[in-house]
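Below is one structure; the comments refer to it alone.
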Amino acid sequence: MKRAYMIMTVLMFLAAASSAYAQQNLRSGYFLDGYTYGYKFNPAFQGERGFIALPALGRTSVGVESSLAMSDVIYPLNDGTLATFLHPSVPAEDFLSGLRSMNRIGVNTDIGILSTGFRTGKSYHTIDVSLRADVGVNLPKDLFAFAKNGASTGQTQYDISNVGARLDSRMEFAYGYSRSITRNLYAGVRVKFLVGIANARIAMDRMSLEMSQDRWAIKAQGNMTTSGMLSFKTKGEAGTSENASQDNIISFEPDLSMFEGEDVARNVLNGISSFGGALDLGISWDFFRYFTLSASVLDLGFMSWSNTARAVTPGKAWEFDGFGSNIGAEGTPSLGEQFETMGEELLQAFNFERVQAGVKSSEALAMTMHLGFEARMPFYEKMSLGLLGTRRFDGAFSWTEGRVSLNLAPLKWLSLNVSSTKLSY
């Protein structure tokens, strides 16, 4: 269970980066004719027919937005095995030259549990139950340089400000309504009731490391919040503090008391007390026969979280031993265990002290906007060119994507699409 809670750290970041090319971002289906789940992008979109999707047989959407590729962090060795960038045979200059000053990754998952759609006259209705989970991390280049080189190159100071991580997971219960206003104009809305599962934020506004003899002196200003079913123990609560001054320091051991006892299901249900609401709004306009202009705003709403805990960095410098020298060395067990070790040591470097626990908090949801333009070919209207702009508003984890797609629907039951994207942060 402990490994599951490392998703706010480098462990999650690197695991997500490794899978970035194995997942499918379903925004590529925005312009597909008859796409059943088009209402998830724009509630004005209407399906051609009714549908029912059952658990494990319906929709699963995984979107990955990253400034890093798998080849940036995983390297093949001469013996055919794979190693992390920390392996001594990987040249530091080769690895660091491919990084940006700030390296980001986001993973957005939407798993359909139960959904249905049906038509009544000019209207189209959808009912949807789904599980949403969003994870994001921001890691500066100096953090990788420190992990790779330490003081071996003579550099004794690193600036790793703006390290950040976020986690948000919730259940969504949604009703969608789309109506034909005129023959060519459609408008839609989805009303969503939200049940919060877990929420967490780490934000290190300023953080610097300076070599001091055989240890690193850290100066930082940052904070962490956790809410819902995700909470962490202090060293005092976990019984791992070496002295009384460490009793309030976060030990990053998850509090799993909710899952203990004979009636786990009831404990979990009783423990869910975070709720919220949101709206999705959309419009679609067909004009001059060959063109369609569409726009939508998703997740316009808020979440009220229970069991919120807050931790901050101490108001003084502290020491850090640095990343273990054997993380990338030969003979270490596995890539996953190497990433976990790196993530755990980074969390310890933050040295958070809990200052508040068991309170309520609220925050706006990360909002997403889409603007689409589709042009059907006059010589073959089943072929079209689509332009889609997407903007996600999520503070330090915001991003913008431009997508160009060529779409083909040769048969009623067959639609094809090829697209190219440009992502910026």
Those residues that are within 24 Å of the chain's Cα centre (by Cα) and either aromatic (Phe, Trp, Tyr) or open to solvent by 60 Å² or more (accessible area, probe 1.4 Å) (or both), I need them from segment 204-220; list them, please.
-> Asp205, Arg206
Looking at segment 365-388, is at least one residue in a strand (DSSP E or B), without any contact (Cβ under 8 Å) to a residue 24 or more places away in the chain and within 28 Å of Ala133 (Cβ to Cβ)?
-> no
Answer residue from segment 102-125, given it is surrounded by fewer than 20 Cβ atoms within 10 Å (Cβ to Cβ) and aliphatic (A, V, I, L, M) and is farthest from the chain's Cα centre (by Cα) among those | Leu114
Out of all the residues in segment 140-159, is one or more within 30 Å of Ser306 (Cβ to Cβ), open to solvent by 40 Å² or more (accessible area, probe 1.4 Å) and at pLDDT below 95?
-> no
Residue count, segment 73-119 (criterion: without any contact (Cβ under 8 Å) to a residue 40 or more places away in the chain and touching an Asp or Glu at 6+ places or on another chain (Cβ under 6 Å)) = 1
Selected residue (criterion: farthest from Leu347 (Cα to Cα)) from residues of segment 218-250 that are among the small types (Gly, Ala, Ser) and modelled with pLDDT of 85 or more | Gly228
Subset of segment 171-203, residues closer than 30 Å to Phe232 by Cα, open to solvent by 10 Å² or more (accessible area, probe 1.4 Å) and touching a Lys or Arg at 6+ places or on another chain (Cβ under 8 Å), comes to Met171, Phe173, Val195, Ile197, Arg201
Within segment 181-230, track down each residue that is charged (D, E, K, R) and not in a strand (DSSP E or B).
-> Arg183, Asp214
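The values are calculated or read from the model by the stated rules, or taken from the named source; none is laboratory data. From a predicted model like this one, the values you see are computed outputs, not experimental measurements. Using ideal geometry, Cβ is built from the backbone for each residue, glycine included, and neighbour counts are taken over all protein chains shown. When the accessible area is computed, the model is the full protein with side chains, heavy atoms only, and any ligands, DNA or RNA have been set aside. Shrake-Rupley method; radii C 1.70, N 1.55, O 1.52, S 1.80 Å.
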